[in-house]
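Before any comments, here is the structure.
The values are calculated or read from the model by the stated rules, or taken from the named source; none is laboratory data. Not measured: the values here are computed from a predicted model. Note that we place each Cβ from the backbone using ideal geometry, even for glycine, and neighbour counts take in every protein chain shown.
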Amino acid sequence: MTAAHPRTAIVHEWLDTVAGSEKVLEQMLLLFPGADLFALVDVLPGVERAVLHGRCPATSFIQRLPLARKRFRGFAPLMPLAVEQFDLSQYELVISNCHAFAKGVLTGPHQTHICYCHTPMRYAWDLQHEYLGASGLKGPRAWMARCLLHYLRMWDVRTAHGVDQFAANSTYVARRIQKVYGREASVVHPPVDTEYFQPGRLPRGEWYVTASRLVPYKRIDLIVQAFASMPDRKLLVIGDGPQMDRCRKLARENVVFAGHVPDSELRSSLQTARAFVFAAEEDFGIAPVEAQACGTPVLCYGRGGVLDTVIPGITGLFFSRQTPEAICDVVQRFEQCEFDPEAIRAHAEGFSTARFRMQFLSLVDRSLSDRQPAAMPRSLVG
């Protein structure tokens, strides 16, 4: 951060766990040590609060509602109202770290609002039907949900007009921002801790690895089904979530579930993996980059953020359909290829934390410079 940066507010949606958006938030807080932090809800456990670097965020009225600490997502219909109640009028620079509501803060013409957009809210736009199908809602409740999503779409587009500069976490998200909001976005890839995730000294093992929250859109079930049909290959599944029971029922003895593990165990698993398997259509996808930082090839569904982060034939391979058969096919193709761990690692270094800090700070500086009032022509003075 340079001394020229004005008084700054950073707005985050909710703090309940440390995932990709919280790692971006951590770097923003380091870049702007004098910034004030705002969040709709803060229930982040003490062991994970290190990412805040001592900040205590100002929270919205949702924080004080009954049951909000455990079920705050159930108050989503109130979140547009809640984020609009933050009084940011004293800040010259407002940075929203957004995947749903944070960009809806109210700002004036004298303020610069930069939105780092992880995605336009997926469940209200192109994934509405998938989310509604997975929810199992029927009858009046389903129609109420559709009406709410319709309202959220209108609010989402309206609040995009209050943003001076969008930053997208991938080319894929930049296209979604253009389609949904009709706005251009600069691509600034999220920070990946390539200093921590490095190639190891132990030899590669027999195991293929996948790591993710076990939720429907991550499609871990497809990976498990694929390896269940390839009993001579071994799969290690790292992560936990509501689909754990379903995935266990699909698995055979060659599939092992490790559950949630410490970062050190995740790193050692990536360092010795034969390859990392990824079946989700992600907005960016930090896990495939962490695998590549360990010199590990990535076998992934060829849509979404991986189009920015994986080079086919150099750092991994794509499969074109989200089916167990397509995953089996890519595994067989992979076993006929050779990959250079040093080249894979070198590519991942382009997504480092240092690179994020440099690019995001440059974006902020340009945005502030562009917002400076132009000098009045002499012919109009006096």
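Tabulated values for the structure
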quantity: Residue among SER186, SER170 that is within 19 Å of the chain's Cα centre (by Cα) and crowded, with 19+ Cβ neighbours inside 10 Å; calculated: SER170
quantity: Test: residue in region 184-194 that is hydrophobic (A, V, I, L, M, F, W, C), over 20 Å from SER264 (Cα atoms), in contact with a strand residue (DSSP E or B) (Cβ under 8 Å, 6 or more places away or on another chain) and assigned to a helix (DSSP H, G or I); calculated: no
quantity: Some residue of region 13-22 being farther than 22 Å from LEU152 by Cβ, modelled with pLDDT under 90 and loosely packed, with under 15 Cβ neighbours inside 10 Å; calculated: yes
quantity: Cross-chain or 6+ apart pairs with Cβ under 6 Å, region 317-334 first and of a type in the set (S, T, N, Q), then surrounded by fewer than 18 Cβ atoms within 10 Å (Cβ to Cβ); calculated: SER320/GLY302
quantity: Given (1) under 26 Å from VAL306 (Cβ atoms); (2) without any contact (Cβ under 8 Å) to a residue 12 or more places away in the chain; (3) of a type outside the set (Lys, Arg), index of the condition GLN198 fails; calculated: (2)
quantity: Positions within region 114-150 being modelled with pLDDT of 80 or more and touching a Leu at 6+ places or on another chain (Cβ under 8 Å), in sequence order; calculated: ILE114, MET121
quantity: Long-range neighbours under 7 Å by Cβ, at least six apart or interchain, first residue in the same structural domain as GLN165 (by TED's automatic domain parsing) and surrounded by 24 or more Cβ atoms within 10 Å (Cβ to Cβ) within region 81-106, second of a type in the set (Lys, Arg) and assigned to a helix (DSSP H, G or I); calculated: SER96/LYS103
quantity: Only listed residue being modelled with pLDDT under 95 and farther than 21 Å from PRO242 by Cβ, chosen from PHE318, PHE284; calculated: PHE284
quantity: Among (1) touching a strand residue (DSSP E or B) at 6+ places or on another chain (Cβ under 6 Å); (2) outside any loop (DSSP other than H, G, I, E, B); (3) crowded, with 20+ Cβ neighbours inside 10 Å, the one test that VAL331 misses; calculated: (1)
quantity: Residue list for region 45-72, filter: more than 15 Å from LEU15 (Cα to Cα) and surrounded by fewer than 16 Cβ atoms within 10 Å (Cβ to Cβ); calculated: PRO66, LEU67
quantity: So PHE75, is it more than 30 Å from ARG175 (Cβ to Cβ), among the aromatic types (Phe, Trp, Tyr), out of contact with any strand residue (DSSP E or B) (no Cβ under 7 Å at 6 or more places or on another chain) and surrounded by 15 or more Cβ atoms within 10 Å (Cβ to Cβ); calculated: yes
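Okay, residues lined up against (1) closer than 21 Å to SER352 by Cα; (2) loosely packed, with under 14 Cβ neighbours inside 10 Å:
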{"residue": "TRP207", "(1), (2)": "no, no"}
{"residue": "ARG213", "(1), (2)": "no, no"}
{"residue": "LYS218", "(1), (2)": "no, no"}
{"residue": "GLN225", "(1), (2)": "no, no"}
{"residue": "ALA228", "(1), (2)": "no, no"}
{"residue": "ASP240", "(1), (2)": "no, no"}
{"residue": "GLU253", "(1), (2)": "no, yes"}
{"residue": "LEU270", "(1), (2)": "yes, no"}
{"residue": "ALA279", "(1), (2)": "no, no"}
